[in-house]
1. Do the conditions hold for Thr218, that is, is it among the hydroxyl-bearing types (Ser, Thr, Tyr) and within 25 Å of the chain's Cα centre (by Cα)?
2. Would you pick out the residues in the stretch 136-168 that are assigned to a loop (DSSP other than H, G, I, E, B) and open to solvent by 20 Å² or more (accessible area, probe 1.4 Å)?
3. Could you look through the stretch 61-87, keep only residues that are small (Gly, Ala, Ser) and within 19 Å of Ala181 (Cα to Cα), and pick out the one that is surrounded by the most Cβ atoms within 10 Å (Cβ to Cβ)?
4. Can we say Arg487 is more than 20 Å from the chain's Cα centre (by Cα) and basic (Lys, Arg)?
5. Would you mind stating whether Ile504 is at pLDDT 95 or above, within 28 Å of Val373 (Cβ to Cβ) and not acidic (Asp, Glu)?
6. Which members of the stretch 569-586 meet the condition of being of a type in the set (A, V, I, L, M), touching a residue at least 60 places away in the same chain (Cβ under 8 Å) and surrounded by fewer than 19 Cβ atoms within 10 Å (Cβ to Cβ)?
7. Quick one: would you say Val549 is modelled with pLDDT of 95 or more, β-branched (Val, Ile, Thr), crowded, with 18+ Cβ neighbours inside 10 Å and assigned to a strand (DSSP E or B)?
8. For the subset of the stretch 398-408 comprising residues that are touching a residue at least 40 places away in the same chain (Cβ under 8 Å) and surrounded by fewer than 17 Cβ atoms within 10 Å (Cβ to Cβ), which member is nearest to Ala607 (Cα to Cα)?
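The values are calculated or read from the model by the stated rules, or taken from the named source; none is laboratory data. Only a predicted model underlies this, so the values are computations on that prediction, with no experimental measurement involved. Glycine also receives a Cβ, built like all others from the backbone with ideal geometry; neighbour counts cover every protein chain displayed. Surface areas here come from the heavy atoms of the whole protein model, side chains and all, with no ligands, DNA or RNA. Shrake-Rupley method; radii C 1.70, N 1.55, O 1.52, S 1.80 Å.
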Amino acid sequence: MRAGWWWIAGAMALAAVSVLAGCGGGESSGGGAADAARWFTYERAEDYPGVVQITGAKIAMDDGVRLSATVTLPADASGNAVSAPLPVILTQTGYNKSIPAIPAYNEFFVRRGYAHVSVDVRGTGLSEGDWEAFGEREQADYAQVMDWVATQPWSNGTVGTWGASFMGITQIYTAAHRHPAHKAVFAIVPMADGYRDIVFSGGQTNIGFIPLWMGLVTGLGALPAEPDPAAPQIIASHIVNALTGFQVPVIAQSAIGVGGYNYDGPFWRTRSPIEVADRVSIPTFIVGGLNDIFQRGEPLLYEKIARNTTAKLLIGPWQHLGGSSGEGLPRDGVPDLNRIALMWFDRYLRGMDTGAATVPAVTQYYYGEERYVTTTAWPHPQARAQRWYLRADKTLSTDAPAAGEGSNTVLQQPLNGICSTSTSQWTAGLIGALQLPCTRDNRVNENPLLEVTFTSAPMAEDYVVNGPIQADVWIATTALDASLLVRITDVAPGGASREISNGILTASLRQVDAARSRYLDGQMIQPWHPFTAESREAVGMNTPVLLPVEVFPSSFVIKQGHRLRVSVGASDFPHGLPPLLDLVDQAVGALTIYSDAARASSVVLPALPAAAIASAP
């Protein structure tokens, strides 16, 4: 129990540090010419000197469950709340709206003439009911909350939504209802695909984040942060549900591999905003991070939403906590998130001419180049597929291998990568805050017994990559099944190996749905695996099989004199641990990576001309 509370307290403390930088969004025309789009800082002075909070509001759902809400209004110098109806910003959270460490309202907006409504979703905080993490009943609540917000005396019937992480995910579902009062979305580090992005990437349980996240929701909900006579009963009900109804049973069954949670299906499709993103028809701003826990899904959400409405994408050099606040902004002409958000809401909730149409459609940070770059779309329209081969001599080359080239072998064990950039990423940045050398230099994980590395010659000129990545790796195992890890790293002249991105895959779940996969120049560059029980394919002992591994999308530059590296191993803990019933088939063995002409292992990168990132934001 003490260990669980330590994790919760640590998460709260670090979140409190992260939120001080502020939050926000931006707007621009979806695909205008690159030279017409630009960043600038939108400023507007405060309209009111203070704020006042109205706590204890209850919103009745159609099944009788009451959700707890807090209304924050601007106030005059005497502390009196403004009486005139205002445009409203709505935030729906699972982190207990009353906990200051993870705020569900923003005074920056309120002082500039917005009402901000914060709501605990069903089964969290001081709201009644049982939490089931974005289930159908919770999603139905979002529309009924919008009904209530739009008709209150302090509301002028115009509503925007704002917030990070959980509070970003609820926005996509809310927008999918197409409520007439809902005018704009500003979603910071939101999830797209519950199964593929985070919980079961590659068919393996994310041991790093999921217990921490569910524990955080449960722990914060047990803290009575505001007076409510019903609080003891509500909190007791939440704890019982966590132990017997949802959190503990889901975690336990997922870790074991029973109950169906370890396969994709209706449970995970319901909890994947990407499934309803095509119903979003209002202006939407997505903020993501290159090493966020939702790194995979943020650009996919943008891509799908941009087909139907004005949408913008900003991806920074962030893990989850840093991305939640837009850490490091302003930088390279990109403003801090609060000011971007104000520009967004002033444009779409107030109808003001904020200049938002001149903001670039896509702004991404590039590792290696260490700056932001803008373009007109994602994936980058100038990207071209380039295949690099994993050679038997451990080099990485654009030349295909010859017949008779050999192979390399690593040990199968489930705990490699326990201290890595990946570890920091999948603990939402908590481990990274410790500044351990192993979270910044992958060489500690590149033990030849555990990961085999394939390294290019030093680059003669800057090598630019932007978009999804696919590794096609031929393997064989002495076990009945295997896990495969593929890391992409940037090797500096001094030898330091900086992890850029990675992908994992359970070999028996390698089947690909070609129709749902992404292609570039005729080559598959983002495989789509069904991850169903029916899609399982036997691996067989000592039988060569091809594994198409999805390496999560990124944007980076391998600078002149640096080298590109692909590191291949059998595990990436705690990012992925096979469910127990799978683990017994693959925990121990020898994993062979082939590099001959008939079984040419390779990675496909979306390469750009260096000139494509020459311009500043």
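1. The answer is yes for Thr218.
2. Thr151, Gln152, Pro153, Trp154
3. Ala69
4. In short, no.
5. no
6. If we filter the stretch 569-586 for residues that are of a type in the set (A, V, I, L, M), which is where we start, we get 570, 577, 580-581, 583-584.
Then drop every residue that is not touching a residue at least 60 places away in the same chain (Cβ under 8 Å), which leaves 570, 577, 580-581, 583.
Passing the criteria: Leu580, Leu581.
7. Values: modelled with pLDDT of 95 or more: yes; β-branched (Val, Ile, Thr): yes; crowded, with 18+ Cβ neighbours inside 10 Å: yes; assigned to a strand (DSSP E or B): yes.
Considered against the rule, which asks whether it is modelled with pLDDT of 95 or more, β-branched (Val, Ile, Thr), crowded, with 18+ Cβ neighbours inside 10 Å and assigned to a strand (DSSP E or B), Val549 comes out as yes.
8. Ala400
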